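Enquirer: Here it is: the structure, laid out below.
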Amino acid sequence: MASTIIPVNPFDLVIFGATGDLSRRKILPALLRRVVAGQIPEGSRIIGASRTDLSSEAFKEVVDKAINEFVGENKFPLADYNLFMDMLSYVKVDAMSDDGWENLATTLDTNGNEVRAFYLSVSPSLIGSTTENMNKFGLVTKATRIVAEKPLGTDYATAKELNATLRQVFDESQIYRIDHYLGKETVQNLMALRFANVFLEPLWNNKYVDHVQITVAEDVSVEGRGGYYDKSGAMRDMVQNHLMQLLCLVAMEPPSSYEADEVRNEKLKVIRALEPVDISDTVRGQYRASVDQDSYLQHVGDHSSKTESYVAIKAELANWRWAGVPFYLRTGKCLSKRASEIAIVFKPLRHHIFSQYSEVSQNTLVLHLQPNEGITMNMTVKEPGPGGMRLTDVPLDMSFADMIGEEVSLDAYERLIMDCIRGNQTLFMRGDEVEAAWEWTDHIIDQWHASEDTPFSYDIGSAGPKKADRLLSEDGREWREIK
Ligand code: BG6
């Protein structure tokens, strides 16, 4: 099954902080790939902007180096690569002063495209002055979109402040808040699976679903980004945004259409229906040193840090569909594997006519986010061949790579940037969603601080602290293996 590419109209994209890590690692490679795919047409312009003094030629060299480092050398047809390079230019601007802004305005007005997008790949402290200057120097037109990314605040108060800053210059319909998990293939497939098929929706409730497990396991450590991470921890870094969005898509009511605000209204209702969590329903962890790797505390350089590199939470929703169905969430660094999945575990059979032959296990629908994006439905069938009625579990497997006959290569950033250019906000977070998610997480974080809760140690390469098993074992359940 070949993927269909619908080209966008030529556009101008300004990347503030264009020489920074996110831009070099994710944004620029994503743009290059879309050029190669034929989705970004000639005439589009990608304008790097930052305080560094660079010529456009020098900027192109920075980009070329970044592509070699993060994508690889000579990976693309030369003509496409040159087309991408021709789209690049650079303007020096200083977020904190008037320097360079006239220049940027002139560049945009000269043979400019109608759609203008500004990517704020800068520190949160620069967002206010950057957007003020954009306004002051007349950069904001009707067809302007602004892209903002994590951290969207560090708690409810700062998220509210950030939203207010953005809304001083932009209408909510122009603000694109990225959570790159929403750009992942499986995450969108979750909506397709639920709302484009007839057979799942009747089962998608507390009558048939026993519980849900959402796991985002990473095998990497926080080495190299300890400064940022120690102020965030797994809760702020992963749960408030990525896991919360996954939970919303699993739990939301069917929107009346696949329109941005219809979808976002439903997600917001889920966040608002989340019960406040008592910290006895959370377990935090920090990885300890192994023979060849340093511990979390060594990586962040603070031996008294109580920040978690792992967290598990039992969450519950107070609504008709989900009352009584626990959503177990967990995420952590230095775990056994990079493996993320959403598992919907269905209730056991009410009556088992095969009990004299064998056990029947619970049906489980697993959405694999990474690696190997796809969906598996675990079913019980009769073991083939003679020998009577022996039952066995088989996975009904739908790997997306098998389906399209190639690796799913579309990075979340590619999809999200193209959606922004097209003006489609469905996969972006609305301000009220972000604030509501912070309110829920703040409540937990505040309790940890007030009670001086200390994370449990866990081994690098394990499934996290043993104590996290308790969250499920107390309910007669267990975590799925991380594999
Ligand atoms: C980022 C977090 O938002 O997501 C990182 O800041 C984390 O700590 C990353 O590693 C995980 O993203 P992915 O797409 O690799 O699962």
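The values are calculated or read from the model by the stated rules, or taken from the named source; none is laboratory data. Bear in mind that the values here come from a model prediction, so they are computed numbers and not experimental data. Glycine gets a Cβ as well: all are built from the backbone with ideal geometry, and neighbour counts include every protein chain shown.
Enquirer: As an exercise: evaluate Asp171 against (1) surrounded by fewer than 22 Cβ atoms within 10 Å (Cβ to Cβ); (2) under 17 Å from Gln425 (Cα atoms); (3) of a type in the set (D, E, K, R); (4) within 16 Å of the ligand (Cβ to nearest atom) and give the number of the one condition it does not meet.
Expert: (4)
Enquirer: Can you give me the ranges of the helices (runs of 4 or more DSSP H) entirely in the stretch 409-483 with at least 3 residues that are surrounded by 17 or more Cβ atoms within 10 Å (Cβ to Cβ) and not hydroxyl-bearing (Ser, Thr, Tyr)?
Expert: In the stretch 409-483, 412-422, 431-451 are the helices (runs of 4 or more DSSP H) which contain 3 or more residues that are surrounded by 17 or more Cβ atoms within 10 Å (Cβ to Cβ) and not hydroxyl-bearing (Ser, Thr, Tyr).
Enquirer: Quick one: which of Val147, Val169, Val140 is touching a residue at least 40 places away in the same chain (Cβ under 8 Å) and either closer than 23 Å to Val93 by Cβ or basic (Lys, Arg) (or both)?
Expert: Testing whether each residue is touching a residue at least 40 places away in the same chain (Cβ under 8 Å) and either closer than 23 Å to Val93 by Cβ or basic (Lys, Arg) (or both) leaves just Val147.
Enquirer: Also, quick follow-up: Do we have Val169 as touching a Leu at 6+ places or on another chain (Cβ under 8 Å) and not polar (S, T, N, Q) here?
Expert: Spelling it out, it is not the case that Val169 is touching a Leu at 6+ places or on another chain (Cβ under 8 Å) and not polar (S, T, N, Q).
Enquirer: On to the next question. Just one of (1) in a helix (DSSP H, G or I); (2) touching a strand residue (DSSP E or B) at 6+ places or on another chain (Cβ under 7 Å); (3) β-branched (Val, Ile, Thr) trips up Ile67, so point out which.
Expert: (2)
Enquirer: Residues that are buried (at least 23 other Cβ atoms within 10 Å of the Cβ), touching a residue at least 60 places away in the same chain (Cβ under 8 Å) and away from the ligand (no atom under 16 Å from the Cβ): does the stretch 302-311 have at least one?
Expert: no
Enquirer: Under 7 Å between Cβ atoms, at least 6 apart or on separate chains: pull out the pairs that start in the stretch 94-109 with a residue that is closer than 15 Å to Glu132 by Cβ and end on any residue that is buried (at least 18 other Cβ atoms within 10 Å of the Cβ) and among the polar types (S, T, N, Q).
Expert: Ala95/Thr130; Ala95/Asn133; Trp101/Asn133
Enquirer: Continuing with this model, one more query. State whether the residues of the stretch 340-347 include one that is touching a residue at least 24 places away in the same chain (Cβ under 8 Å), among the basic types (Lys, Arg) and surrounded by 14 or more Cβ atoms within 10 Å (Cβ to Cβ).
Expert: yes
Enquirer: Would you say Asp281 is more than 20 Å from Gly227 (Cβ to Cβ) and without any contact (Cβ under 8 Å) to a residue 12 or more places away in the chain?
Expert: It is false that Asp281 is more than 20 Å from Gly227 (Cβ to Cβ) and without any contact (Cβ under 8 Å) to a residue 12 or more places away in the chain.
Enquirer: If you don't mind, another one. Is at least one residue of the stretch 190-197 surrounded by 14 or more Cβ atoms within 10 Å (Cβ to Cβ), at pLDDT below 95 and within 16 Å of the ligand (Cβ to nearest atom)?
Expert: Yes, the conditions are met somewhere in the stretch 190-197.
Enquirer: So, in the stretch 206-239, how many residues would count as being away from the ligand (no atom under 13 Å from the Cβ) and either in contact with a Pro (Cβ under 7 Å, 6 or more places away or on another chain) or on the phi > 0 side of the Ramachandran plot (or both)?
Expert: Qualifying residue count for the region: 1.
Enquirer: While we're looking at this one, here's another question. Answer with yes or no whether Asn372 is in a loop (DSSP other than H, G, I, E, B), closer than 30 Å to Arg288 by Cα and not β-branched (Val, Ile, Thr).
Expert: yes
Enquirer: Among (1) under 13 Å from Val311 (Cβ atoms); (2) in contact with a helix residue (DSSP H, G or I) (Cβ under 8 Å, 6 or more places away or on another chain); (3) not hydroxyl-bearing (Ser, Thr, Tyr), which single condition is Met238 missing?
Expert: Result: Met238 fails condition (2) only.
Enquirer: Identify, from the list Ala105, Ala117, the residue that is part of a helix (DSSP H, G or I), of a type in the set (Gly, Ala, Ser) and at pLDDT 95 or above.
Expert: Exactly one residue qualifies, and that residue is Ala105.
Enquirer: Let me ask something else about it. So Glu223 clears everything in (1) of a type in the set (Asp, Glu); (2) part of a helix (DSSP H, G or I); (3) farther than 27 Å from Ala323 by Cα except one condition, right? Which one?
Expert: (2)
Quick grid of which residues meet (1) within 26 Å of Gln245 (Cα to Cα); (2) surrounded by fewer than 21 Cβ atoms within 10 Å (Cβ to Cβ); (3) more than 16 Å from the ligand (Cβ to nearest atom):
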| site | (1), (2), (3) |
| --- | --- |
| Asp109 | no, yes, yes |
| Arg116 | no, no, yes |
| Met134 | no, no, yes |
| Thr141 | no, yes, yes |
| Ile146 | yes, no, yes |
| Leu152 | yes, no, no |
| Tyr156 | yes, yes, yes |
| Leu182 | yes, no, no |
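Enquirer: Taking the stretch 19-36, which residues are within 22 Å of Glu114 (Cβ to Cβ) and part of a loop (DSSP other than H, G, I, E, B)?
Expert: Result: no residue meets the conditions.
Enquirer: Further question on the same structure: Looking at the stretch 250-262 only, could you name the residues that are within 19 Å of the chain's Cα centre (by Cα) and either crowded, with 23+ Cβ neighbours inside 10 Å or not in a helix (DSSP H, G or I) (or both)?
Expert: Ala251, Met252
Enquirer: Within the stretch 73-102, how many residues turn out to be touching a Phe, Trp or Tyr at 6+ places or on another chain (Cβ under 8 Å), among the small types (Gly, Ala, Ser) and at pLDDT 95 or above?
Expert: Number satisfying all stated conditions: 1.
Enquirer: Looking only at the stretch 189-218, count how many residues are of a type outside the set (A, V, I, L, M) and within 15 Å of Leu369 (Cα to Cα).
Expert: Selection size over the stretch 189-218: 4.
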